[in-house]
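Nothing in this text is a laboratory measurement; each read-out follows from the coordinates by a stated rule. Not measured: the values here are computed from a predicted model. Neighbour counts run over all protein chains shown; Cβ positions are idealised from the backbone, glycine included.
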Amino acid sequence: MSKKEHKNKVEEKETFASEQEQEAREKKEAMDERVESENEPDEIGLLNEEIKKEKDNFLRLFAEFENYKKRTSRERIELFSTANRELMTALLPVLDDFERGLNEIEKSSEGALLEGMKLIYNKFKSTLTQKGLKEVEVKAGDEFDAEIHEAISQVPAPDKGLKGKIIDVVEKGYKLGDSIIRYPKVVMGS
């Protein structure tokens, strides 16, 4: 839903609410005039009941409009976070390739090239961090948790202490805010 469509819907609801208010006021004024001209007790009771019904209708309409505003606000926030999530997910392979490239350059004797690449990498990573991206901290020897880690293979544990634990991290995992957008891929000891 575009902002213009959203704005039009909000204006329609506000116009509808103000029309209902005006209509309720006019009915109340008409009833007040009738009450003044006719002093029958039954008539007054009926008019008071009708006023109560109209007030109730107005309050219900107002509450419905408030709920609508809250719901559209939540939907807008979700839309922005989803868009950010998709962009971050698309940039993660680029970050991985950058890290692999840095590892290969470190093996060569190109000191100036390595420093330049590190500067670019650090700037790229800090920009992603400012936008809410966090690395899921995983290291060899950590307990395997199926809700946080993705096991891609199991190998015999080198010693009994590593059974059911992480042996190696194949691919880093990342969070955006509090939700994991890519699970870390790990090798588990069996």
Could you list the residues of segment 160-190 with an amide nitrogen less than 17 Å from a label point located 7 Å from the Cα of GLU147 in the Cα-to-C-beta direction?
175-176, 178-184
Folded to 0 to 90 degrees: helix 3-37 orientation relative to the chain principal axis, Cα
20
For segment 58-123 and segment 140-190, what is the centre-to-centre distance using only Cα atoms, to the nearest Å?
23
Rounded to one decimal in nm, the spacing of the 7 Å Cα→Cβ label points at GLU26 and SER190 is 7.8
I want to check the label-to-label distance for ILE120 and ASP56. Put each point 7 Å from Cα in the C-beta direction and report it in nm to one decimal.
7.1
Could I have the simple spin-label model distance between ILE44 and PHE98, label points 7 Å from Cα toward Cβ, reported in nm to one decimal?
7.9
Charge dipole magnitude, Cβ of K and R +1, D and E -1 - the chain, Cα centre, debye nearest 20
1560
Compute the helix-to-body angle for 111-130: its Cα long axis versus the longest principal axis of the chain, expressed 0 to 90° and rounded to tens.
20
Given (1) 16.6; (2) 23.1; (3) 17.4, which label gives Kirkwood radius over Cα pairs in Å as computed from the coordinates?
(2)
Exposed GluC sites (Glu not before Pro) absent - longest run of the chain, DSSP non-H/G/I/E/B, at most 15 other C-beta within 10 Å:
39-109
How much mean residue ellipticity at 222 nm does the chain get from its helices, if each DSSP H run of length 4 or more adds -39500 (n - 2.57) and you divide by all residues, to the nearest 500 deg cm²/dmol?
-24000 deg cm²/dmol
